[in-house]
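Okay, so here's the structure we're looking at.
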Amino acid sequence: MSADIIDGNAIAGKIRAELKIRAENLAQHGMQSGLAVILVGDDPASCIYVRNKAKACRESGIRSEVYNFPGETSQETVLQHIHALNANPEIHGILVQLPLPPHFESHRVIAAIAIEKDVDGFHPCNVGALATGNALFYPCTPYGVMMMLKERDVLIEGQHAVVVGRSNIVGKPISLMLLERGATVTICTSKTRILAEHTRNADILVVATGKPRMITADMVKSGATVIDVGINRMDDGTLCGDVDFTSVKEKAGHITPVPGGVGPMTITMLMSNAIEAAERARAAM
Ligand code: GUN
């Protein structure tokens, strides 16, 4: 039987409607969430992401400020800008679009963001807080994945979750979040020996490797929930995930498509973190 397809656009739409109400609530108290987005250079994918984030802000009642620095800007200049944004009471969230140009030390730039404005959840203090079960902000993509599992009432406690990918943005944080919820978590990489032996044991399989269609039906347990975080542009211009959707959907219980799966959830959870940051700032007044 064909899997239930988890429609990221539909779930994101529901969450966005709730966020709009929260933004209106803030407005009634004379407040608007403000999100600063810093982009260094002109990487085409990053430019598209930033444009989409600014559009989502407009639709969600969030004021966004985009700072696009030339690629040769010094790290010191960007750090000074972050310090100014940290001190600006009208800015509740700060996001530095990654990757930064090679002459930057990304960890130093991220560490300069005030933790209460770190809506990406990438600051080392927030990563530590996530690891100890006290996250201030969940990183947006893993947060979106957890919301998709929640929407479909997917059982997490006691289940075997296998994560393929070890990035700071997806693989590591989603592993911690599933562990926090009581899953038995195995973390693999695209280079794990006999990867299929691990993936075939997964009740929940999360794939974030950037390798087009690397997970095939023979690597998936019947009835498993398969979450595909990959977005790969193919030579013919089409998009595909890290999972071979056509074959795996005949075996999985639930599956996310690409496009239209995890992608729309990431920006939505960024909007959620930005509203949350403003609500906390108001509560602290
Ligand atoms: N680059 C790719 N994904 C992300 C993300 O979630 N946040 C930031 N800041 N940069 C990214």
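The values are calculated or read from the model by the stated rules, or taken from the named source; none is laboratory data. Bear in mind that the values here come from a model prediction, so they are computed numbers and not experimental data. Neighbour counts are summed over all protein chains in view; Cβ atoms, including those assigned to glycine, are modelled from backbone coordinates with ideal geometry. SASA here: full protein model, heavy atoms, side chains in, ligands and nucleic acids out. Shrake-Rupley method; radii C 1.70, N 1.55, O 1.52, S 1.80 Å.
Things worth noting here:
- None of I215, I169 is under 30 Å from P44 (Cβ atoms), open to solvent by 10 Å² or more (accessible area, probe 1.4 Å) and touching a helix residue (DSSP H, G or I) at 6+ places or on another chain (Cβ under 7 Å) except I169.
- Some residue of region 51-64 being open to solvent by 10 Å² or more (accessible area, probe 1.4 Å), in a strand (DSSP E or B) and either under 26 Å from G13 (Cα atoms) or in contact with a strand residue (DSSP E or B) (Cβ under 9 Å, 6 or more places away or on another chain) (or both): yes
- Residue match in region 72-81 (condition: in a helix (DSSP H, G or I) and within 20 Å of S33 (Cα to Cα)): yes
- Flag if G260 is in contact (Cβ under 8 Å) with a residue 60 or more places away in the chain, farther than 26 Å from K53 by Cα and open to solvent by 10 Å² or more (accessible area, probe 1.4 Å): no
- Listed by position, the helices (runs of 4 or more DSSP H) contained in region 138-206 that have at least 3 residues being of a type in the set (A, V, I, L, M, F, W, C) are 140-151, 171-180.
- Test: N25 is part of a helix (DSSP H, G or I) and surrounded by fewer than 16 Cβ atoms within 10 Å (Cβ to Cβ): yes
- Residue under evaluation L98, criteria (1) open to solvent by 20 Å² or more (accessible area, probe 1.4 Å); (2) within 15 Å of the ligand (Cβ to nearest atom); (3) not in a loop (DSSP other than H, G, I, E, B), criterion not met: (3)
- Flag for L35 being away from the ligand (no atom under 13 Å from the Cβ), touching a Ser or Thr at 6+ places or on another chain (Cβ under 6 Å) and modelled with pLDDT of 95 or more: no
- Some residue of region 139-157 being in contact with a Leu (Cβ under 7 Å, 6 or more places away or on another chain) and within 16 Å of the ligand (Cβ to nearest atom): yes
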